[in-house]
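To start, the structure itself, in structure tokens.
The values are calculated or read from the model by the stated rules, or taken from the named source; none is laboratory data. Owing to the predicted nature of the structure, the values given are computational and were not obtained by experimental measurement. Because the Cβ atoms are built from the backbone with ideal geometry, glycine has one as well, and the counts that use them run over all protein chains shown. Side chains included, ligands, DNA and RNA excluded: accessible areas come from the protein's heavy atoms. Shrake-Rupley method; radii C 1.70, N 1.55, O 1.52, S 1.80 Å.
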Amino acid sequence: MHISEGILPSKILISGYAITSLTLWYSLRQLNRQSNPSEGIPQAALLTAAFFVASGIHLPIPPASVHFVLNGLLGAVLGWYAFPAIFVGLLFQAVMFGHGGLTTLGINAVIMGIPALIAGFIFNLRNKTKLKLSATLSLNLFGFLSGAVGVGLAALLFFSLVITHLPSAWDQDTEKAAIYGLMLAHVPLIFIEGIFTAMVVNFLRRVKPEILIN
């Protein structure tokens with residue numbers, strides 16, 4: 001789910017870097033307000049690596065092939081660390097694999113990083129909801145929602161930007177048909193990532209529950 005270079009106009013790319021810069025600054029500011037800002041660095045590094053590798057895990061979902069994103073999982077587990085982690089992961093993906101590009105790094109960070117922060121906010125609602133749910137059911141429900149909303153919002157932003165800024169030299173009908181097909185292929189991915197995120201947070205609750213205390 002990376003926007004490649006040569007599709008979006010320069011004003012969108014500049015806006016992407018501006019939003020990314022502000023979000024990075026705000027995220028780091030929030031982290032510095034914590035009693036021990038460096039405490040979450042080990043898990044942030046681990047999940048950054050997972051995010052980096054996830055783009056290479058492809059799922060053949062007709063009529064296209066999609067790959068894991070895991071931004072919802074990063075948001076749920078890392079909180080404010082999620083955006084810097086995704087930015088670093090995207091940087092390495094662009095440099096090493098050519099996924100996206102340096103000019104689109106800012107907008108790609110917005111597409112995947114902002115939904116990750118929203119997913120983290122949703123996951124933290126499990127401790128504030130007035131619903132009478134068991135601890136296990138609450139963790140499963142909000143873990144699923146975090147994973148699903150993270151990738152769902154990212155897909156919505158991605159396809160909205162791409163389909164509204166197709167270069168005029170391209171075959172519009174053919175490209176739009178391909179984009180719509182890719183959109184449909186991401187619907188099952190939303191549920192897959194939701195289930196996967198719920199499984200991971202349940203595992204973490206058993207082996208290292210302090211990670212999930214926010």
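Sort out which residues of the range 190-211 are under 24 Å from GLN43 (Cβ atoms) and within 18 Å of the chain's Cα centre (by Cα), and write them in order of number. Please lay out each step first, then the result.
So in the range 190-211, the residues under 24 Å from GLN43 (Cβ atoms) come out as 192-211.
The answer is ILE192, GLU193, GLY194, ILE195, PHE196, THR197, ALA198, MET199, VAL200, VAL201.
Checking ILE122 against (1) β-branched (Val, Ile, Thr); (2) in contact with a Phe, Trp or Tyr (Cβ under 8 Å, 6 or more places away or on another chain); (3) outside any helix (DSSP H, G or I), which test does it fail?
(3)
Conditions (1) surrounded by 13 or more Cβ atoms within 10 Å (Cβ to Cβ); (2) in contact with a helix residue (DSSP H, G or I) (Cβ under 8 Å, 6 or more places away or on another chain); (3) farther than 21 Å from LEU161 by Cα; (4) among the hydroxyl-bearing types (Ser, Thr, Tyr), marked per residue:
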position	(1), (2), (3), (4)
LEU31	yes, yes, yes, no
ASN36	no, no, yes, no
LEU74	yes, yes, yes, no
LEU78	yes, yes, yes, no
ALA85	yes, yes, yes, no
PHE92	yes, yes, yes, no
ASN108	yes, yes, no, no
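Listed here are the residues, each with its yes/no results for (1) open to solvent by less than 70 Å² (accessible area, probe 1.4 Å); (2) touching a residue at least 60 places away in the same chain (Cβ under 8 Å); (3) not in a helix (DSSP H, G or I).
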| position | (1), (2), (3) |
| --- | --- |
| ILE179 | yes, no, no |
| LEU184 | no, yes, no |
| PRO188 | yes, yes, no |
| ALA198 | yes, no, no |
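Mind checking whether some residue in the range 163-177 is in a helix (DSSP H, G or I), of a type outside the set (D, E, K, R), at pLDDT 85 or above and under 22 Å from ALA119 (Cβ atoms)?
Just the residues of the range 163-177 that are in a helix (DSSP H, G or I), to begin with: 163-164, 172-177.
From what's left, of a type outside the set (D, E, K, R): 163-164, 172, 174, 177.
Now drop any that are not at pLDDT 85 or above, which leaves 163-164.
Then keep just the ones that are under 22 Å from ALA119 (Cβ atoms); that gives none.
Within the range 163-177 (the criterion being in a helix (DSSP H, G or I), of a type outside the set (D, E, K, R), at pLDDT 85 or above and under 22 Å from ALA119 (Cβ atoms)), the answer is no, since none of the residues qualifies.
Only one of GLY152, GLY143 is part of a helix (DSSP H, G or I), of a type outside the set (D, E, K, R) and under 30 Å from GLY6 (Cα atoms); which?
One residue alone meets the criteria, GLY152.
Check THR136 against each of (1) within 18 Å of PHE121 (Cα to Cα); (2) out of contact with any Pro (no Cβ under 9 Å at 6 or more places or on another chain) and name the one condition it does not meet.
All conditions are met except number (1).
Could you go through the range 122-130 and let me know if any residue there is under 24 Å from THR20 (Cα atoms), crowded, with 17+ Cβ neighbours inside 10 Å, within 11 Å of the chain's Cα centre (by Cα) and not basic (Lys, Arg).
No, the range 122-130 contains no residue that is under 24 Å from THR20 (Cα atoms), crowded, with 17+ Cβ neighbours inside 10 Å, within 11 Å of the chain's Cα centre (by Cα) and not basic (Lys, Arg).
Consider TRP25 against the criteria (1) under 23 Å from GLY152 (Cα atoms); (2) of a type outside the set (D, E, K, R); (3) in a helix (DSSP H, G or I): it satisfies all of them except one. Which criterion is unmet?
So the condition that TRP25 fails would be (1).
If we keep just the residues of the range 139-170 that are among the hydroxyl-bearing types (Ser, Thr, Tyr) and over 22 Å from LEU189 (Cα atoms), which is most open to solvent (accessible area, probe 1.4 Å)? Walk me through how you get there before you give the answer.
Initial filter on the range 139-170 (among the hydroxyl-bearing types (Ser, Thr, Tyr)): 146, 160, 164, 168.
Those left that are additionally over 22 Å from LEU189 (Cα atoms): 164, 168.
Details: THR164: 92, SER168: 115 Å².
Applying the filter and picking the extreme gives SER168.
Which one of these is touching a Gly at 6+ places or on another chain (Cβ under 7 Å) and of a type in the set (A, V, I, L, M, F, W, C): LEU78, LEU102? Show your work before the answer.
Values: LEU102 fails: touching a Gly at 6+ places or on another chain (Cβ under 7 Å).
One residue alone meets the criteria, LEU78.
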